[in-house]
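So the structure is just underneath, and the comments pick up after that.
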Amino acid sequence: MSKEFNTIDDFNIEDKTVLVRIDINSPVDPDNGLILDDTRLRLHSETIRELSKKGAKVVILAHQSRPGKNDFTTLDQHAKELSKILNLKVQYTDALFSNSAKEAIANLYPGDILLLENARFFSEESLSRSPEEQSRTILVRELTPYIDLFVNDAFAAAHRSQTSLVGFTINTPSAAGRVMEKELTVIQNALDNVEHPCIFLLGGMKPDDSIDVMGNVLGNGTADKVLTTGIVANIVLWAAGHDINDVNRAFIEARGYADMVEKAKELLDKYGDDRVVYPSDVAIEKDGERVDVGIDEIPNNSIFDIGVNTIREYAKIIREAEMVFANGPAGVFENPDFAMGTEDLINAIASSKAFSVIGGGHIAAATNGAGLADEMDHVSSGGGACISMLAGKPLAAVEALKKSKKMED
Ligand code: 3PG
């Protein structure tokens, strides 16, 4: 695969200005705004260190969260954390392509590292468009004259065709960074050697990605069963006709995921609840405490985790699997009362014989927190990107890197 696109090894980067796109989108404590897990910062620090050591002027582009969310912050803190991890100064500018950003880039010396502002502060960043269209945006037009090479290391965001991920590949020589290279190699290997029973455990807060993937992996025969947790499970429960009650329906609707219910229903009709598996009980918060209830007796309280019976049932299926791909936490694991589903399933995967791939920032954080990362075969930095790849979907940013290499030939 690596021959299809360039890597850092294909360029002499000494004295060159290298724009490197990384993904340091991290869980942030909603109360104090502090980064809760630095896994992604640590991962990308290796690529940054290598570029700096080889004498490049390193300019970093990254994003944190999405507009409208309470962890949609500046990257000031990320720069400080990166500095600590690298033991090198990482400069930060609260600008993206304004004169002050360009001045900061122009003032860099070989080996210097500069982190630009959250790319999603740029209103066009989150629009999904072709690399050609993205190459005409103001962000790309303003920064291109200042850079010699574009390195995309942001595997975790590689499924997005967003400006900073694909726009520079049209007019600037481009390469994959080390994180991107490793993720693509390891996951492709797993894909080429799928063993059955193969289980997908899908949870987290991005049900649009998950439901899409569910259709793909059940349809193309990769997955024997999909075990649902988190908001994905709540949508499937609703689709299966269980009354998840007003507060949980309103939560799904408020996030714009109500149309996922129809899609989940189609999957249930096509594959049955033996393959699209949903919880038999859930944990709700009542009077400040965790209470486990059956799925036909859910009161008007928020669902924060899968229930104890479901954990037992899912753990049994995991124990009998040859391969497990897990994406997204099972509940609000940041709250100790609702961490049980996520922690117990991570434990079940770690102690099973199955080849295991864990994907997604939050579940990767929980795996690291439990000290079980070494027990897994691969802990991917990507959630949506990892799972899209497993579903056989092309990743927009990788396709852009391949096209950039083709254009050179
Ligand atoms: C992720 O955390 O999965 C990546 O950073 C992509 O984030 P997104 O789903 O907000 O595009």
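With labels modelled as points extended 7 Å from the Cα through the Cβ direction, what inter-label distance (nm, one decimal) is found for R255 paired with E46?
With each label point 7 Å from Cα toward Cβ, the separation is 3.1 nm.
May I ask for the net charge around L139, where only other residues with Cβ less than 13 Å from the Cβ of L139 are counted and Lys, Arg are +1 while Asp, Glu are -1? The partial results should precede the final answer.
On the way: positive: R21, K102, R120, R129, R136, R141; negative: E117, E124, E125, E133, E142.
Net of charged neighbours comes to +1.
Which FRET efficiency, nearest 0.05, do V291 and D208 yield, Cβ-Cβ r, R0 25 Å? Walk me through the intermediate numbers first.
Numbers: r = 29 Å, r/R0 = 1.17.
Here the calculated transfer efficiency is 0.30.
Under a point-charge model restricted to the Cβ atoms of Lys and Arg (+1) and Asp and Glu (-1), what is the dipole moment magnitude of region 315-409 relative to its Cα centre, in debye to the nearest 20?
Dipole about the Cα centre, nearest 20: 460 debye.
Students often get this wrong, so check it: of K206/K263; K57/K406; K225/K393, which have C-alpha atoms separated by over 23 Å? Let's see the in-between values first.
Numbers: K206/K263 14 Å; K57/K406 26 Å; K225/K393 19 Å.
The answer is K57/K406.
What ranking do Y271, Y278 get, fewest neighbouring Cβ atoms within 10 angstrom at the top?
Working: Y271 18, Y278 25.
Arranged by neighbour count, lowest to highest, Y271, Y278 become Y271, Y278.
Suppose every Lys and Arg Cβ carries +1 and every Asp and Glu Cβ carries -1, with no other charges. What dipole size does the chain come out with about its Cα centre, to the nearest 20 debye?
Values: 41 positive and 64 negative charges, 268 e Å.
Using only the charged Cβ atoms, the result is roughly 1280 debye.
For region 348-409, calculate the relative contact order in percent as a whole number, restricting contacts to Cα pairs under 8 Å that are 6 or more residues apart. Before the final figure, lay out the partial values.
On the way: 50 pairs, mean separation 18.6, N = 62.
That works out to 30 percent.
If the label point is 7 Å along Cα→Cβ of E133, which residues in region 140-164 have backbone nitrogen under 17 Å from it?
Counting only backbone N, you get 140-141, 159-164.
Evaluate E = 1/(1 + (r/R0)^6) for F72 and V186, where r is the Cβ-Cβ distance and R0 equals 35 Å; express this FRET efficiency to the nearest 0.05.
The formula returns an efficiency of 0.70 here.
Which entries of K53/K80; K265/K353; K3/K182; K182/K402; K54/K84; K69/K265 show an alpha-carbon separation above 23 angstrom in the structure shown? Intermediate values should be presented prior to the final figure.
Details: K53/K80 19 Å; K265/K353 32 Å; K3/K182 14 Å; K182/K402 16 Å; K54/K84 20 Å; K69/K265 28 Å.
Too far apart for the 23 Å limit: K265/K353; K69/K265.
When you have a sec, figure out the Kirkwood radius of region 249-343 from all distinct Cα pair distances and drop it here in Å to one decimal? Can you show the working numbers first?
On the way: mean 1/r = 0.0679 Å⁻¹.
When all Cα pairs of region 249-343 are included, the Kirkwood radius is 14.7 Å.
What is the spread of the Cα atoms of the chain along each of their three principal axes, largest first, in whole Å?
That gives 63, 44, 38 Å along the principal axes, largest extent first.
Expressed in whole Å with the largest first, what are the equivalent ellipsoid semi-axes of region 292-409 derived from the C-alpha gyration tensor as the square root of 5 times each eigenvalue?
Working: eigenvalues 208, 58, 35 Å².
That gives 32, 17, 13 Å for the three semi-axes.
On average over all directions, what projected area in square nanometres does region 193-272 have, based on the convex hull of its Cα atoms? All intermediate terms of the calculation are to be shown ahead of the outcome.
On the way: hull surface 20.2 nm².
Taking the Cα atoms of region 193-272, their convex hull projects to 5.1 nm² on average.
For the chain, what relative contact order do you get, as a whole percent, if you take Cα pairs closer than 8 Å and at least 6 residues apart?
Values: 863 pairs, mean separation 65.7, N = 409.
Taking the mean separation of contacting Cα pairs over the length of the chain, I get 16 percent.
Defining a contact as two alpha carbons under 8 Å apart and six or more residues distant in sequence, what relative contact order in percent does region 194-376 show? It would help to have the intermediate numbers written out before the result.
Details: 355 pairs, mean separation 42.3, N = 183.
Reported relative contact order: 23 percent.
How far is the Cα center of region 262-324 from the Cα center of region 163-194, in Å?
34 Å
Treat every Asp and Glu Cβ in region 1-124 as -1 and every Lys and Arg Cβ as +1, leave all other atoms uncharged, and give the resulting dipole magnitude about the Cα centre to the nearest 20 debye.
Working: 16 positive and 20 negative charges, 33 e Å.
Computed charge dipole of region 1-124: roughly 160 debye.
Placing +1 on the Cβ of each Lys and Arg and -1 on the Cβ of each Asp and Glu in the chain, which of L149, G341, V282 has its Cα farthest towards the positive end of the resulting dipole?
With unit charges placed on the Cβ atoms, the residue in question is L149.
Please provide three numbers in whole Å: the alpha-carbon extents of region 194-376 along the principal axes, with the largest listed first.
40, 36, 25
Can you sort T17, T310 from fewest to most other Cβ atoms within 10 Å of each residue's own Cβ? Each step should come with its number before you reach the end.
Numbers: T17 20, T310 27.
Starting with the residue having the fewest Cβ neighbours, the order is T17, T310.
Roughly how many whole Å is it from the C-alpha centroid of region 1-47 to that of region 115-133?
Answer, in whole Å: 17.
Throughout, read-outs are computed from the coordinates displayed, never taken from laboratory work. Here the structure is a predicted model, which is why all the values come from computation and not from measurement. In this analysis, Cβ positions are derived from the backbone assuming ideal geometry, glycine residues included, and neighbour counts consider all displayed protein chains.
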